[in-house]
Amino acid sequence: MSHKIIIAIDGYSSCGKSTLAKALATKLEYVFIDTGAMYRSIALYFLRNHIAFDDQPAIESALHNIKLHFEFNPVTQKSDIFLNGENVEALIREMKVSSKVSEVASIAAVRDFAVAQQQAMGVDKGIVMDGRDIGTVVFPQAELKLFVTADPLIRANRRLLELKAVDPNITLEIVAENLKHRDLMDSTREHSPLRQANDALVLDNTHISKQEQFEIALNWAMERIG
Ligand code: DC
């Protein structure tokens, strides 16, 4: 491979962005960063420490106390996120966090904090990052930008399957409502709303398999890697 690129993957919640990003990173031997996990970990910290989402000074000082890092987990073959040294990968997927994370992610100071770390992770390129503002704000210079979409009901059913493993009481209605709420919050917020970058390639995976989606994206990546 002649040179390394940055692959930015954006899209609505539960579109399979992380699955695709992980597969591409594994194949290309790139670093994979799930930026949603960063916003989720910050939300978990705020919830645990009763930080009001409109208390600017409390937010600023809380951010000073938050250290995030990723570590590769050989069992799951993916990176887990650590909040101040604690592995919170499972905790941040719970509905308690999911129902509040969009509000936390809409706070400007939180975004500045996360984006600065994400940009630092990409200085050497060779990275696949997924989120909502990667192609528009974090890496507007990314060589490949993907915008992933899928039918809302398909997305809710996929998420339900994942959540059932940790929460047997979860229902399709709860999951669908949470996704709708997050989509609305993420795309209408003032700071860095979710939107498709002008030069992003759209991948609608409603009717294609994970493997087909992977192959399409890998071809696009290889065209750019050269
Ligand atoms: O990808 P996810 O569902 O784990 O993301 C959790 C929340 O974080 C989601 O509601 C939107 C927000 N988010 C964001 O605002 N910007 C990103 N780059 C990644 C996630």
**Q.** Set His64, His3: member being surrounded by fewer than 22 Cβ atoms within 10 Å (Cβ to Cβ), at pLDDT 95 or above and out of contact with any His (no Cβ under 9 Å at 6 or more places or on another chain)
**A.** His64
Q: Tell me which residues, restricted to the range 146-166, are part of a loop (DSSP other than H, G, I, E, B) and surrounded by 15 or more Cβ atoms within 10 Å (Cβ to Cβ).
A: Ala150
Q.
So in the range 181-202, with the set limited to residues that are out of contact with any Ser or Thr (no Cβ under 8 Å at 6 or more places or on another chain) and loosely packed, with under 14 Cβ neighbours inside 10 Å, which one is farthest from Val138 (Cα to Cα)?
A. Leu184
(Q) Looking for something over 19 Å from Asp130 (Cβ atoms), in a loop (DSSP other than H, G, I, E, B) and not hydroxyl-bearing (Ser, Thr, Tyr) - is there at least one such residue anywhere in the range 176-189? (A) no
(Q) Is it the case, given these coordinates, that Ser14 is part of a loop (DSSP other than H, G, I, E, B) and either of a type in the set (S, T, N, Q) or in contact (Cβ under 8 Å) with a residue 12 or more places away in the chain (or both)? (A) yes
Q) Just checking, how many residues over the range 130-145 are in a helix (DSSP H, G or I) and either crowded, with 24+ Cβ neighbours inside 10 Å or away from the ligand (no atom under 13 Å from the Cβ) (or both)? A) 3
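The values are calculated or read from the model by the stated rules, or taken from the named source; none is laboratory data. Please read these numbers as outputs of a predicted model, since none were measured by experiment. Please note: Cβ atoms are built from the backbone with ideal geometry, for glycine as well, and neighbour counts cover all protein chains shown.
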